[in-house]
Every structure is written in C-alpha cells, then in structure tokens.
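The values are calculated or read from the model by the stated rules, or taken from the named source; none is laboratory data. Predicted model, so just to flag it, every value in this text is computed and none were measured. Here the Cβ is made from the backbone with ideal geometry for all residues, glycine too, and neighbour counts use every protein chain on show. Only protein heavy atoms, including side chains, enter the accessible area calculation; ligands, DNA and RNA are left aside. Shrake-Rupley method; radii C 1.70, N 1.55, O 1.52, S 1.80 Å.
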Amino acid sequence: MGRKEQSKEFEDQDAYPIVPLRDVVIFPSMATAILVGRQPSVNAVERAIETDKILLVLTQKNGTQDEPTDKDLYGVGTIVRIGLFFRLPDGTIKVMLEGISRVRVKRYMFHDNYLSALVEPIETVDSDTREVEALTRKVETLFSEYIKMNHRIPNEVLLSVQAIEDRESLIDTVGAHLLVRNELKQEILEAESIQERLMMLSRILTEELEILKVEKDIDEKVSNQVQKSQKELFLHEKMRAIRSELGHSDDQKEYHELKRKIRKARMSKEAQKVVYKELDRLKMMSPMTPEATVVRNYIDTMISLPWSTRTKDNLDIEEVRKKLDADHYGLTKVKERILEFLSVVKLVKNLKGPILCFVGPPGVGKTSLGRSIADAIGRKFVRVSLGGTRDEAEIRGHRRTYIGSMPGRIIQQVRKAGTKNPVFLLDEIDKLSSDFRGDPSAALLEVLDPEQNKNFSDNYLEVDFDVSEVMFITTANVIYTIPPALHDRMEVIRLPGYLLYEKINIARKFLLPKQLKAHGIQPEQLLISEATLKEIIQRYTRESGVRNLERELASICRKVAKKLATDSAMRKVRVTKTNVEGYLGIPQFTESEIDEKLTVGVATGMAWTEAGGEILNVEVKLMPGKGELILTGQLGDVMQESAKIALSYARNEARLLEFGNDFFSTIDVHIHVPEGAIPKDGPSAGVVIGAALVSAFFDIPVRRDVALTGELTLRGKVLPVGGINEKAVAALRAGVKTLLLPKENEKNIKELPEEVKKKMKIVVVDSMEEVLANVLSKKLDWGVKHRRRIGGFFGEQPTKPTN
C-alpha cells in the first residue's frame, strides 16, 4: 500500500490513541523501539493492540513534563504501526514502531485513561524542477560527509539512503538519523513542500558539519596536550632517577620522614603492615599522579590517629564530685553513675568505657553534662550531632575507591581529640534516619557494643581501630524511636524536668552569672531577688528545662545593658516583681495551670510529652441527641478507645440514676480535651475521662486540685502507666495538691523528687471507686438511688437522694 492510499485509509478511521514522546521525533519510514511507562501511554498502547495496532505519536514541547496535556504536544505527528511488543514485569511495555505517514491533529478527544485525536494527512507538495534536483543531490552529498565525520551513525545508513529513489522517503530517513535538537526535527516533519524540507536539511547539515570540524580540531589539540603531559611525566621520572643516583632526592627524604612517623605512631601490627605497603606504593608513583595524592592522604590519616595515646583519668572521686556539682545543679543519679565508673576504674585499672544514654526533655542539660563529665575526669571531649543523619558512610566512612573519600565521623572525632579515650557525645541519637544509602543506627551497633568496638572497622581505614576505651554518651528526648537493638546496648539514665526550687538555684548559680558575663555587666550592677526569679519562672516560662528561662534572663540583661550604656550616672539596676513586666512584657502564664473553680464534668489529668510532663484537662458535656459519642481535641486511636471504655464504665455505674431504659439513646456525650491543635494519644487518660463522665452523669463537681493518671478497664480496674516522674513534676508546677497514681505504679514513688513527695499528697488507687472517692467534691453513695436533671433539658426537677 502506497503513502497516498495509507493517508486515505487513516482519514476514514476513528480517533487514534496518542502516545506522547519525550525526546524523540518519529518520521515516516522510520522503525524504532520505545519503552512506554507512563500509565496514560500504556493505556493508549493497550487500546491500539486491542484494535488495529495503529497509534499516533506526538512529541512533547517540554520533555521534562511528566503528565503532558494536549497543549504540551506539537500539533503534527506521525501515524505508526505497532510491530513486536513486550510487557515487562514492572508494567511498562517495550514497543517496536514503524512510521507510516505524517498527519496534523484536527481535534483532541479525552478518555478516562488516555488521550486520542482526529487527524488529517499532510499532503506533500512536490515539484520536479532543477532546483529541487540540485537540492536533493546536495543533501545526499552533505549527509554522506556527515556520516563519515560522525562516528555515532553506522555506515550502513549511508547505503540505505543511497538506495532510496523517492524524495520524501529520502527526507524522512535523513531527518530521522540527524543528531540534532527535537525542535529542528519537528520543523522538518511539519514542513509541507519537498523544496522547503530539502532547504531545511541542507542548512542543518551544513551547520552540523561546521560544528563537527571544530570538534575534530579540539580533539586533535587535546590529544597533543596529552602526549605532551606524558612526555613531561617521563622526563620527571627520569629526573627523579638522576637525583636518586646523585643522592639529592627530596622524594627519598619524604619517604624516610613518613617511615619515621609510622614507627612513632605505634600502630597495631595489622595497621603497620598495611601502611608500609601503601608507603612502598607511594615510593614507586610519580607525585604528579592523582593516585599518589590519595595514598599520601591515607598515610597521613593513619599516622595522625591516636593508636596508643591516652589521657590519664582523674581518679580522685571527691574532687570529681565537686567539679560535677560546680557545673550542674541536681542530677544526682547521673553523677552517682559517673562516680561509680571511676571507682571501678580505680580498682580494676583496665575497664571498658561505659555507654550511657541520657534521656530527658529539651533544656535539662544533657549535652552540657557530657562536657562537664569530660572536664571532671580529665578527658578530652568530642561531640557529633546525629540529628538527620541518613548515610551509613557518615559513621563507617567511605571506601578509598571514591573520589574525596574520608573516614567516618567516629574516626574523625577521635583523631581530632588526639587520644583514644575521650568522652564522645553522640547527640540526638533518637533522631537518626535511614534511606537508600543505608541505616546509620545499624552502623552504630558495632560502635556501641563493648564486646565489638575493640575492633571497630572503618571503611576508609580498612583496618581495625580500638574504640573500647572511649566513654560514649548518647542523648535523646525519647526512647521509642531508638531501634531496640541499639537501645539494648546502652544504659539509660533519665533526666526529669527541674522543679521550681531547682530552677531558682540554677538561675542564681549558673544562668545569671553566664548572662552577666556575656553582656558585660558586673554582678553588683544587676540585682535580681529570689522572689523575682520565681515570678519569671512561673509567669514567663513553662518548661521542663531552663532554656526559655535563660532567654528571659538574657532579655533582662540586654535592657539593663542599654540603660547602663545610655545613663553614665546609673550605678545599678534592681529588677523586682513589680517592675519585671517592664523588662519582659505581659506575663505569658498564670501562676497555676488549674482552675480553682469546681465544675461538673471537668477533671484534671496528666500527660507525658517529648518536652516533659503536661497538665491535661478533660471536659464532658451531656446534651439532647441520639446516643452519640462526640470526641474532639485531635485524639489518637488509643485515646479514643480509652474514652469509649470510660463511657461504658460510666454508663454502667449510672444505673444508680433513676433513668428509663432508653435514656442513653436520647442524649449525646461530648468529650473534649483542650488545645485541639495538638495531637494526643495513649491509654493513661482513661481514669480522667471516666471521672469526668461520672461527674457529668451524677452532677457532682470534680476537685480541680487533684490530678490523676492511669489506664481504665471495663471492670473499673486502674492499670499502671509510664512517665510518672515527668507527670508528677508537671502536676507540682501546675499547683496540684493531690496526686492519684495506679497501685502498680507505687514503686515509682521512691524515684520521685523529694520536693514532689513533700508538697503533694500522693494516693495510690486500684479501682475507679477509689478514684471517685478521692476526686469528687462530695461522696458518692453507691447504695443510694440518685435522680438528677441532665443539662436542665429533661423537664425534671433535681431531687435529693433518698434511702
């Protein structure tokens, strides 16, 4: 079938499925294979395979467009026939296409999962003139020269072109094999007359030949330069040999200097063997080669490592205790653990370094404590922040085969410390990530395992390095994000939030002197009383740590510094409770987080967060409805289940009320936990929700100075929960007087700060009945039938309980 018959056939056809092409223009008479991966294109190919195997291919105007529309495609394309096709396992299809004829899109048609178009054939205007014949011969000549200069096109293409007699087929074949931009190819495809298309080809081929000639000249120049470099290298080597014979070789001097440093480094036998081997390689290399630089850097790294250099520990236990107390207030448990370690070292002499993990909210001094420990025991201190680390090579290092390779951060920091027994702080270990480059937490398993880290293997060193004497300290805000295998290798020490009196002492002894020095203020120039510090802590900061407190003190120091600098007569400034607002602005918080007013259906709970403990209020309202439970406040799945359990328990207990059987189908229960923008989850709010529900059903207010926590079961049992320390500190900070804890959490009371146990009454409960007996403002007699008016909308007047 000829092209005109084919065009007539396609004109009578329905719309053709469209396959957009990113980086290729297909011409008639051109056979090519493409890989179809985008889903609309796959659907179009499947549609064509099901019918007549005919497609329309259109080139995209922008090849980077992943989801092209009709506006992103050229309006002229090629009708192609599908030959062979293969469906690949990933869903893509490899298709062999044969170009048939050029067409112009008349109208696009949009289907659910692919694009099609109605087309009209492009009638080629041919004129058998001398000018056209001359252009044809010129194109053949230029293309022949183009193929000879461009080695990327096989010579067989020239033979096939020479055998073509039809001008239009010649143009399409030449255009298909040109290695030019798609825009130029598209112009050749769209041109209608033979003469115009030949003129385009002639112009493009002439320009391409000029470029190829320039490239050839450049290649010849580069080749000459390479030959010159090789000649220079040969001469350098010859000069090196002559110098060596004369005994004036700088290279020999450098070789012996490196050898002396290797012996002085006192490496392990394995490392020494490897380094000597690399040194011999370096000796045989020319200093001009890149490989010599890589080998030299490796030798320098190995020499600079502290293979046998260590600092002497300060084993005076009492002196270490005084230094730790001078740097940090409180933190008794951490300090005791460090003193225990030093005591054992004093007795055993050769003890592997401990691996401690300080867990606590932000601002409690985890990072600064690591530095204080190093200073106290007389060791060097190094720190690596692991937050956001995703690449395993950050820990283990890169192999030397890569350009710019270097050791991992463990070896780099030990090298920086200059000793093999520094205090090494791995900060934010709970914020490690992983991706296709590996899992850094898996690499840390070897580092933090006392049984393995004697032979720590870094990819760059390619020999074992002993890090067993390093005292590794890690810090984290939470434990649950640390992989279990890594968690198992560390001794976890929890740092709870600071109490009020602790914050006052920290401010007086550490924070304020630090800020005075930073702002150039003498201690006698700024006077802040203990009462003022208490005011700042309670009304301008609400946190577990002291980071915001330090910011507020810095703000006061800046304003005082301005006063002293502008008024030379001013000798000192006194900040008091009455004028502190002038320095810090309007207070951000009230003295107590709890509302002293007794309210029905509102109970005070406690929550644990990454930033420490928080007070959690639960509100319950009853209203006419259809028996629905409404939960608001961004409650997670576990907390929603706790609310449902609490409601079932409260409904069961509400049988004491003289309501009809259908009562609960006529009301809606709305449970809300304020601060709705903050997601909340966990089972520990069960008893709080239960208490608020019972309060609402029985119309008895809840004591607001009582805070409670615990998981609730359907039988009314109170189960243990976590985070008791942080919750208790938050409750004291909020002004709570009584703390209700599950019976099974009684063991945690011993670990609570003395201030908490002294200022709050702590009651352990085993059942919801005990909870209600302590939390309701008046006693609930379980043997008495109660009758009340819910929300005031049932038309019943409340009556007193009757026996």
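Considering helices alone, the calculated mean residue ellipticity of the chain at 222 nm is -13000 deg cm²/dmol, with DSSP H runs of length four and up weighted by -39500 (n - 2.57) and normalised per residue. Each listed q (0.13, 0.21 Å⁻¹) maps to a log10 I(q)/I(0) for the stretch 661-777 from the Debye sum over equal C-alpha point scatterers, namely -0.53, -1.27. Would you kindly calculate the translational diffusion coefficient of the stretch 100-165, applying Stokes-Einstein with the Kirkwood radius from alpha carbon pairs, for 37 °C and a viscosity of 0.692 mPa s, and quote it in µm² s⁻¹ without decimals? Here the translational diffusion coefficient equals 210 µm²/s. Cross-link reach is defined here as a Cα-Cα straight distance under 16 Å, omitting same-chain residues fewer than 8 places apart; for LYS221 the lysines meeting it are LYS213, LYS231.
Solvent-accessible area per residue in the chain equals 52 Å², computed with a 1.4 angstrom probe and all protein chains kept. As a rough guide to protection, the peptides 741-747, 126-132 ranked by mean Cβ packing within 10 Å, highest first, stand as 741-747, 126-132.
Angle of helix 194-246 to the longest C-alpha principal axis of the chain, folded into 0 to 90 degrees and rounded to 10: 70°. Farthest towards the positive end of the charge dipole of the stretch 384-484, among the residues GLN452, THR419, LEU432, is the Cα of THR419, using unit charges on the Cβ of Lys, Arg, Asp and Glu.
Highest mean packing first, where packing is the average number of other Cβ atoms within 10 Å per residue, the peptides 626-636, 37-47 line up as 37-47, 626-636.
Among the listed pairs LYS727/LYS761; LYS259/LYS312; LYS323/LYS366; LYS259/LYS420; LYS517/LYS563; LYS747/LYS778, which have their C-alpha atoms separated by more than 25 angstrom in this model? Flagged as over cut-off: LYS259/LYS312; LYS747/LYS778.
Under the simplified labelling scheme, the SER368-GLU220 pair shows an inter-label distance of 7.3 nm, with each label point 7 Å from Cα along Cα→Cβ. Seen against the Cα atoms of the chain and their longest principal axis, helix 39-50 is set at about 50 degrees. Note the angle between two axes, namely the Cα long axis of helix 167-177 and the longest principal axis of the Cα atoms of the chain, as a number of degrees from 0 to 90, rounded to the nearest 10. For 167-177 against the chain, the angle is about 40 degrees.
Stretched out straight at 0.36 nm per residue, the stretch from ILE164 to ARG310 would grow longer than its current Cα-Cα span by 44.2 nm. Per-residue accessible area (protein heavy atoms, 1.4 Å probe) orders GLU770, GLU210 as GLU210, GLU770, starting from the largest.
Both numbers refer to the Cα atoms of the stretch 353-450; Rg and Dmax are 14.2, 44 Å.
For the stretch 410-473, a Kirkwood hydrodynamic radius built from all Cα pairs, placed in the Stokes-Einstein relation at 20 °C and 1.002 mPa s, yields a translational diffusion coefficient of 171 µm²/s.
Packing order of peptides 556-568, 413-425, 475-487, highest average first: 413-425, 475-487, 556-568 (average count of other Cβ atoms within 10 Å over each peptide's residues). In the chain, the C-alpha radius of gyration followed by the widest Cα-Cα span (Dmax) gives 40.9, 124 angstrom. The three principal axes of the C-alpha atoms in the stretch 436-530 carry coordinate ranges of 59, 30, 30 Å, sorted with the longest axis first. Filter LYS454/LYS750; LYS273/LYS380; LYS71/LYS138; LYS534/LYS757; LYS503/LYS644 down to the pairs with a C-alpha to C-alpha distance above 31 Å, please. Beyond 31 Å: LYS454/LYS750; LYS71/LYS138; LYS503/LYS644.
Relative contact order of the chain, taken over Cα pairs closer than 8 Å and 6 or more residues apart, is 7 percent. Global size of the stretch 294-365: 17.5, 51 Å for Rg and Dmax (C-alpha atoms, Rg to one decimal, Dmax whole).
Here is the tail figure for the stretch 1-139: Cα pairs spaced more than 23 Å apart come to 35 percent of all pairs.
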